[in-house]
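The values are calculated or read from the model by the stated rules, or taken from the named source; none is laboratory data. As the structure is a prediction and not an experimental result, all values here were calculated from the model. Every residue, glycine among them, receives a Cβ derived from its backbone with ideal geometry; neighbour counts consider all protein chains shown. With ligands, DNA and RNA removed, areas are computed over all heavy atoms of the protein, side chains included. Shrake-Rupley method; radii C 1.70, N 1.55, O 1.52, S 1.80 Å.
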Amino acid sequence: MATWRDIAGTIAKSFQIGLGGSRIRSNSGVIEARNAADSALVPLAADSYRYFPITQPATPSSGIIEYVELSNGLLRLKSIDASGFISTDGRDITLIVRNNTAVTINKGQPVYRTGASGGVPTVALAQANSILTTPALGLAAETIPPNAFGRIMILGMLEGVNTSALTEGGTAYLSATTAGSLTTTKPAFPVLQQRLGSIVTASAGMGRIQVRTQGLDNEEEGTISPTFQIGDNTAGAKAIKFHNGFSQTLNSTPTANRTNSLPDRDGVLALTSQVASSITSDTPPITWHEGHVSVVGPAAYSSIFNVTGATELLGGAIYSVAPGFRLIVDNVTVIDRTTLRSGRVGASLSGEPFGVVALPPAKCTTTMRLDLYNASGAMRDFGWRVCTR
């Protein structure tokens, strides 16, 4: 015998709940909520109601209908709104956005965030040819006209899209060649790469995409790790490649555990190697200027070298009795030392003071000339050793 807490069932067409007269009624197998006058549908929630049979209902004129669907022997809850958009609860994640561009965004096209308006993100067609039009936020779940609101899918199964140009079972990448397009051909580096899901069904009108939006594959901001490793622990060369329109590859093929340290200094690195002959550089080679000249008259100049083009004087020394020098850079005399002020380190065979003068570094863009100067009162011999590049 049923009690007030155990209702076995009723053969009545309606069942009253509470004292207000509202009731639930069976109408040809459809469970309806009715008002006290038994004449109007009473929504269970504002502008929406649940529909229990396992059939897809017609698109409602307003609000949302939730219903149960049987899929491969399993039940799942779905919803359909007044626009005809169908979503599977627990599978599909969508986001409301606004198309603030002058072009229509079609269903299935990838979009990126451009800002915000009306409390939702604004979007435009994404393209993997620039960091400014990536990453894609999701795929349009419906057609979104210019300056209109709509939904994009960031996770789930997007159905009823044109995937005829894509490979069934392939990974869906953001296209770098066409804005708002997908490709199942993996973009080649250095084009940005972003995976947006996979193609479940290739079809012109009944295509399906398993949407799973991910970040950019080849955009690294850096690492806070004190070490960074590359390689697959197999024999052979490992490489780092640099791109700036051209490409340059740095290869390493170690045959033993090695450690190389970078110097703590600015500028262009000079390399030392066991196979120095294989190293080439854009830096001009070092040139040594050395020799001896006799019979330089008193209070007279004698030119050591006169070079043209961009040249760097790294340094050097001249030696004689009372030596001096004059350095002319790009037709301007920058040093004219005509008397010996320091550097006396010995005496000549005749007992006269013997001097060595160090040359300072200098650079020129067009010409450079270095002249010896005899600051003594007699004919003198000079020697020198100077380095330029």
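Step by step: first the residues of the stretch 330-378, then only those that are in contact with a Lys or Arg (Cβ under 6 Å, 6 or more places away or on another chain) and modelled with pLDDT under 80, then the one that is most open to solvent (accessible area, probe 1.4 Å). Which residue is that? By that ranking, first place goes to P353. A search for C-beta distances below 7 Å between a residue of the stretch 362-375 that is outside any strand (DSSP E or B) and any residue that is of a type outside the set (A, V, I, L, M, F, W, C) and surrounded by fewer than 22 Cβ atoms within 10 Å (Cβ to Cβ), counting only pairs 6+ apart in sequence or on different chains, returns T365/D330; T366/T308; T366/D330; A375/T338; A375/T339.
Is it the case that T114 is surrounded by fewer than 20 Cβ atoms within 10 Å (Cβ to Cβ), free of Cβ contacts under 8 Å to residues at least 24 places away in the same chain, hydroxyl-bearing (S, T, Y) and touching a Ser or Thr at 6+ places or on another chain (Cβ under 7 Å)? In short, yes.
Matching residues to (1) under 20 Å from N100 (Cβ atoms); (2) aliphatic (A, V, I, L, M); (3) in a strand (DSSP E or B):
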{"site": "G160", "(1), (2), (3)": "no, no, yes"}
{"site": "T163", "(1), (2), (3)": "no, no, no"}
{"site": "L166", "(1), (2), (3)": "no, yes, no"}
{"site": "R195", "(1), (2), (3)": "no, no, yes"}
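For residues in the stretch 168-193 being more than 14 Å from Q127 (Cβ to Cβ), assigned to a loop (DSSP other than H, G, I, E, B) and of a type in the set (A, V, I, L, M, F, W, C), which is modelled with the highest pLDDT? The residue in question is A188. In the stretch 32-43 there is at least one residue that is at pLDDT below 75 and open to solvent by 80 Å² or more (accessible area, probe 1.4 Å).
Could you list, in sequence order, all residues of the stretch 157-186 that are open to solvent by less than 20 Å² (accessible area, probe 1.4 Å) and either farther than 16 Å from V111 by Cα or over 29 Å from the mean Cα position of the chain (by Cα) (or both)? Passing the criteria: V161, T163, G170. Is it the case, given these coordinates, that D89 is at pLDDT below 95, open to solvent by 30 Å² or more (accessible area, probe 1.4 Å), acidic (D, E) and over 30 Å from the mean Cα position of the chain (by Cα)? Yes: the conditions hold for D89.
Can we say A126 is small (G, A, S) and under 25 Å from Q193 (Cβ atoms)? Judged against the criteria, A126 is a match.
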